[in-house]
Amino acid sequence: MAHIILNLTIIYQAVMKWVRNVSVRLRSNGKTLIMLVVNASLWFRMPTYLFMLMIFALSSPHAQARRTIETHEVIVKKGDVFEGIKYPPGTRVDIEDRTNSVGYVFLSRDFKMNGHVIMKGTQLDVQNGKLSCYWSKEGQKVNKITLHKDAQVCFRRDGTLEMIHLDSANKIQGYSFARNTWVHFHPTGKVERGEIGKMATIEGIRLRVKGEISFFPSGKKECVPVSEGSKLGGYPLAPIPSWGYSCDAEFWPNGKLKKAVLAETTRIEGKVCGPGEFAFVESGQLSYCQDAKATP
């Protein structure tokens, strides 16, 4: 299951990258209609893309194997070892008949794996002796994150946390992420990206609900979804009027603003900048803005 999810995620990211490359950036008010038409035509095709993703997942070797694999149950006794792992006695292990390998594991008691304690009764998905995913119990902790019931927690082969599917809205590293979405993590353990589930104001920016926020491996903001009424460093910000993926406010790795959209005419470094996209170089100096004019 984890491999199917990863395949879908990779294709989705590729489609979104293509959408971003084709979408017309808001350079002036006169181009807004063009941008909306382009994005509309792209999103009308999205059902086709989603259907292709579904066919890909269902036809993958992993999916076919899951449908046809026959298993038998084994109850762990003291001293039993399965693929190098000593599960607690009383644990139920599903063994695949054809390969004699472990599939799902149902813990009889709390058990330490991948550096943290997994709660009693948790279902594990084990692949070749490595923990692939598990489905959390209420109050499960991973990487100092407290999870609600039925979150799907998945790991890389090296044991680091890769992504969590939230069955309920969850606060992670200071941000509230939406239910029924995936939160992805860098190998460092910091959040890589996720979908905002609750309105909050961070450094003057009102986070747009259902917008995607992303971070650098250091934990600093990379892209932030913006709502109307946001202000950053005195600059009134607006969301990018796009029906596809949009990075409303983008930052440099040093934390300085890289580019965003002005909501109204604003004076910046001696220039009068009209509503629209504006940007800064990494040192913090203005790079460009819409309808820039020298101040009298």
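No lab work stands behind these numbers, since they all come straight from the coordinates. In this text, all values refer to a predicted model and were calculated from it rather than measured experimentally. With ideal geometry, Cβ positions are generated from the backbone for all residues, glycine too; neighbour counts draw on all protein chains shown.
Counting other Cβ atoms within 10 Å as a rough exposure proxy, the listed residues H186, H72 run H72, H186 from fewest neighbours to most. Residue-wise HN-Hα couplings along segment 224-240, as the Karplus relation 6.51 cos²θ - 1.76 cosθ + 1.60 with θ = phi - 60° gives them from phi, are 10, x, 10, 9, 4, x, 7, 9, 9, x, x, 8, x, 10, 9, x, 6 Hz; Gly and Pro carry x. Arranged from fewest to most other beta-carbon atoms within 10 Å of their beta carbon, F278, F111 become F111, F278. Would you mind checking which residues have amide H under 5 Å from F177's amide H? H placed 1.01 Å from N; only 5 or more apart, or other chain. Residues meeting the amide H criterion: N170, K171, I172, G197.
Counting only other residues whose beta carbon sits under 14 Å from that of K130, what net charge do I get with K and R as +1, D and E as -1? Taking every other residue near K130 into account, the sum is -2. The ranking of D110, D94 by Cβ neighbour count inside 10 Å, starting from the fewest, reads D110, D94. Using the empirical formula 2.2 N^0.38 Å as the baseline, the Cα radius of gyration of segment 199-296 reaches a ratio of 1.04.
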